[in-house]
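Below: one structure, written as structure tokens.
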Amino acid sequence: MQRERSKQLYEEAVQFFPGGVNSPVRAFRSVGGTPLFIKKGKGAKIWDADGNEFIDYCASWGPLILGHANEKVLNSVQATMQNGTSFGAPTELENELARLIISNNPYIQKIRFVSSGTEAVMSAIRLARGYTGKTKILKFEGCYHGHSDALLVKAGSGLVTFGNSSSAGVPESVVSDTIVVSLHNKEAVQKAFEQFGKEIACVIIEPVPANNGLLLQDKEYLQFLRDITKQHNSVLIFDEVISGFRLGFTGAAGHYGIAPDIITYGKIIGGGFPVGAYGASKEIMACISPDGAVYQAGTLSGNPVAMAAGIAQLSECLKPGFYEQLETKTKKLVSGIEKAFKHPSIPFKIFSIGSIFWIAFSSDEKIQSAEAIDADSMKYFRQLHATLLEQGVYLGPSGYEVGFMGEAHTDADIEATIAAFAKAFEQLN
Ligand SMILES: *Cc1c(COP(=O)(O)O)cnc(C)c1O
């Protein structure tokens, strides 16, 4: 496979951007080599700058649940654009997307659109603090909530620790109110509430943690978080930037039947455009300006072109059987890959939920916390990733990232993917 053009473009990009990219994981640092520059996408396929074709399971990191260049999304975007692209004044399209979401989702009564998942989470934290009048926040090691300062933290050594900032440029004073504990650990959360109960404004979790492997939590654990936050008048935030509209239209809240206080959305909600959102009950949302005292604003918030894309995409998601067929295809892919793995000495597991899957070179039956991932096993993912590219299958370039099945993947794509995995597995060593 020739990748000359991508290499040239990358060398050029390095002159312009730190690491040659505008978001770090794109740089291929954890799999080695240089990134593919993508020229075009259609349905489940993407083509790089050298004209190589790939079956894509990255889906722009999740948003493209209908696949690339979906006709309905494109038509709607093109029609909307003809009338202008931004007004900084309300449009009917915002109402339409909000109605579509709220009337099909019992977990939120009001919503605010923003322009990214990061912004949604940052605003949700501010809302939780404004609503409760408390300051501390509790997050879990292994959950990603975007790159806002207070959430760029890693756990220290201990059951309950205040965050150590995980990025230069984030002062300790900014993360000193962020408590970090392990996922799937009740005792740590109980301890944190014993010590700081009165001060904890919110607990934030990805109910389906999918940014550091796929660390599926038990329903009972999420219910425990619901109960303990309620007892302490603390807010429970589900960060559903990945799981929202992915695990069914009502996301993880609907999947588990657990009602958080605030939900954040992103990715799928914008149909491939930059949209995020946060939603809650009328009572909680009344704290947001201009109704309430929690300030939050955005020049391009509720952008009409992005709203049109979101409406087109979410309307498809609402069609009967949409999520069932995604799950059926995912199961087919997962079981095919499992059957294709025959290596005598390398451990292998593939975890999945709905249309999300994650490959782990591990012999553990369950992996439910960040600490349970074996960093050394990533050497196998690096080999797998490289061989799959040669075979025309594109996965996100890190073994900590999940894959996404979309509406556009056909049975033939799935069979070709399984065959590519079988070949790639033979070359593992
Ligand atoms: C992607 C993601 C974010 C950040 O969203 P951006 O649009 O990249 O800012 C936040 N939380 C979760 C769970 C995510 O998956």
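The values are calculated or read from the model by the stated rules, or taken from the named source; none is laboratory data. A quick note: this is a predicted structure, and the numbers were derived from the prediction, not measured. Cβ placement follows ideal geometry from the backbone for every residue including glycine, while neighbour counts extend to all protein chains displayed. SASA here: full protein model, heavy atoms, side chains in, ligands and nucleic acids out. Shrake-Rupley method; radii C 1.70, N 1.55, O 1.52, S 1.80 Å.
Of all the numbered requirements in (1) open to solvent by 80 Å² or more (accessible area, probe 1.4 Å); (2) assigned to a helix (DSSP H, G or I), Ala120 misses one, and that requirement is (1). Scanning segment 254-265 for residues that are closer than 25 Å to Gly197 by Cα and within 15 Å of the chain's Cα centre (by Cα), which turns out nearest to the ligand (Cβ to nearest atom)? So the residue we want is Thr264. Yes or no: Ala98 away from the ligand (no atom under 16 Å from the Cβ), closer than 30 Å to Glu4 by Cβ and without any contact (Cβ under 8 Å) to a residue 60 or more places away in the chain? Answer is no for this residue. Exactly one residue out of Gly117, Gly158, Gly130, Gly163 is within 16 Å of the ligand (Cβ to nearest atom) and either closer than 12 Å to Val203 by Cα or in the same structural domain as Glu187 (by TED's automatic domain parsing) (or both), and it is Gly117.
Can you say whether Arg112 is modelled with pLDDT of 95 or more, among the charged types (D, E, K, R), more than 15 Å from Ala309 (Cα to Cα) and open to solvent by less than 70 Å² (accessible area, probe 1.4 Å), as far as the supplied structure shows? It is true that Arg112 is modelled with pLDDT of 95 or more, among the charged types (D, E, K, R), more than 15 Å from Ala309 (Cα to Cα) and open to solvent by less than 70 Å² (accessible area, probe 1.4 Å). Across segment 382-424, the qualifying residues are those that are of a type in the set (Phe, Trp, Tyr) and open to solvent by 10 Å² or more (accessible area, probe 1.4 Å), and the one among them that is nearest to the chain's Cα centre (by Cα) is Tyr400.
Per-residue answers, yes or no, for (1) closer than 29 Å to Gly88 by Cα; (2) over 18 Å from the mean Cα position of the chain (by Cα); (3) without any contact (Cβ under 8 Å) to a residue 40 or more places away in the chain:
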site: Pro207; (1), (2), (3): no, no, no
site: Val241; (1), (2), (3): yes, no, no
site: Phe245; (1), (2), (3): yes, no, no
site: Lys267; (1), (2), (3): yes, no, no
site: Glu283; (1), (2), (3): yes, yes, yes
site: Val305; (1), (2), (3): yes, yes, no
site: Ile311; (1), (2), (3): yes, yes, no
site: Leu314; (1), (2), (3): yes, no, no
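For segment 385-429, filtering for residues that are hydroxyl-bearing (Ser, Thr, Tyr) and assigned to a strand (DSSP E or B) leaves 1. The single condition among (1) open to solvent by 30 Å² or more (accessible area, probe 1.4 Å); (2) within 20 Å of the chain's Cα centre (by Cα); (3) more than 22 Å from Tyr57 (Cβ to Cβ) that Leu300 does not meet is (2). Would you confirm, using the coordinates I've provided, whether Ala150 is in contact with a Gly (Cβ under 6 Å, 6 or more places away or on another chain) and of a type in the set (A, V, I, L, M, F, W, C)? For Ala150, the condition - in contact with a Gly (Cβ under 6 Å, 6 or more places away or on another chain) and of a type in the set (A, V, I, L, M, F, W, C) - is not met.
If you check Gly271 against the conditions, is it under 15 Å from the mean Cα position of the chain (by Cα), more than 11 Å from the ligand (Cβ to nearest atom) and surrounded by fewer than 24 Cβ atoms within 10 Å (Cβ to Cβ)? It is false that Gly271 is under 15 Å from the mean Cα position of the chain (by Cα), more than 11 Å from the ligand (Cβ to nearest atom) and surrounded by fewer than 24 Cβ atoms within 10 Å (Cβ to Cβ). The one condition from (1) more than 17 Å from Gly392 (Cα to Cα); (2) among the acidic types (Asp, Glu); (3) not assigned by TED's automatic domain parsing to the domain that holds Thr299 that Glu92 does not meet is (3).
Tell me whether segment 129-141 contains one or more residues that are open to solvent by less than 20 Å² (accessible area, probe 1.4 Å) and outside any strand (DSSP E or B). Checked segment 129-141: no residue is open to solvent by less than 20 Å² (accessible area, probe 1.4 Å) and outside any strand (DSSP E or B). With respect to the conditions (1) in contact (Cβ under 8 Å) with a residue 60 or more places away in the chain; (2) closer than 23 Å to Thr330 by Cα, Leu93 falls short on a single one, namely (2).
If the condition is being of a type in the set (A, V, I, L, M, F, W, C) and in contact with a His (Cβ under 7 Å, 6 or more places away or on another chain), then segment 369-385 contributes no residue at all.
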